[in-house]
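Contents: one structure, followed by commentary.
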Amino acid sequence: MSMSIDSQDNAQISHILGVDFGKSKIGLAIADDETKMAFAYDTLKNDKEFLKNLKEIVSCENVKTVVIGMTRHQKDDESVKEKLNFAKTIENELGIEIVFHEEMFTTKMAQANIKMRGGRNIAASDDQEAARIILQSWLDRAAL
């Protein structure tokens, strides 16, 4: 049997990482360029280990783009500044593309989704579900 791609040269699918940034927790979601379907991935603590953990994820998952949720209303200037600084740090440290996408009401939508599925400890997974919503919305809009 012959293979069209040698096992040593297997093509790797690149991934897109969705991020729901928070002061204490950061939700992550992932999608690949092929299926364009976002899945909740993980919730990481926003601490001194975050960048190291993110580097590992980006490397292991072959992440080429990071989509960060951004609020666009005027009363959230502090949050916007924090997210811009966060994005700049990721871009400088990891050298990958950063894009922003609207995140208005994603946490409320995430909590509703988890409740609808019968989830119990909503606070444990609402950040990654919000990241999934942000990423899926960006993927859907990019497909238009």
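Laboratory data are not the source of any read-out in this text; all were calculated from the coordinates shown. Since we're looking at a predicted model, the values are computed, not measured. Please note: Cβ atoms are built from the backbone with ideal geometry, for glycine as well, and neighbour counts cover all protein chains shown.
What percent antiparallel are the DSSP beta bridges of the chain, to the nearest 5? Could you put the intermediate results ahead of the total?
Values: 12 of 23 bridges.
The answer is about 50 percent antiparallel.
Given the -39500 (n - 2.57) contribution per DSSP H run of 4+ residues, what per-residue ellipticity at 222 nm results for the chain, rounded to the nearest 500 deg cm²/dmol?
Numbers: 4 runs with 61 residues, N = 144.
Theoretical 222 nm ellipticity from helices: -14000 deg cm²/dmol.
All other residues with a Cβ under 13 Å from the Cβ of Ser14 taken together, and with Lys, Arg as +1 and Asp, Glu as -1, what is their net charge? Intermediate results must be reported in sequence, preceding the final value.
Values: positive: Lys36, Lys64; negative: Asp32, Asp33, Glu34, Glu61, Glu97.
Combined, the nearby Lys, Arg, Asp and Glu give -3.
Which net charge results for the neighbourhood of Lys88, defined as the other residues with beta-carbon distances under 14 angstrom from its beta-carbon, given Lys and Arg at +1 and Asp and Glu at -1?
Working: positive: Lys81, Lys83; negative: Glu82, Glu91, Glu93, Glu97.
Neighbour charge sum, excluding Lys88 itself: -2.
Evaluate the relative contact order of the chain (contact order divided by residue number), counting alpha-carbon pairs under 8 angstrom at least 6 apart; express in whole percent.
On the way: 232 pairs, mean separation 44.1, N = 144.
Relative contact order comes out at 31 percent.
Tell me, rounded to the nearest percent, the portion of alpha carbon pairs in the chain spaced more than 27 Å apart. Walk me through the intermediate numbers first.
Values: 2368 of 10296 pairs.
Cα-Cα pairs in the chain separated by more than 27 Å: 23 percent.
Once both labels are modelled 7 Å past Cα along the beta-carbon direction, what's the Glu82-Lys115 spacing in nm?
Calculated label separation equals 2.4 nm.
For Ile26, what charge total do you get from the other residues with a beta carbon under 15 Å from its beta carbon, if Lys and Arg give +1 and Asp and Glu give -1?
Working: positive: Lys23, Lys25, Lys45, Lys48, Lys52, Lys55, Lys83, Arg132; negative: Asp20, Asp42, Asp47, Glu49, Glu56, Glu82, Glu93, Glu103, Asp126, Asp127, Glu129.
So the surrounding residues net to -3.
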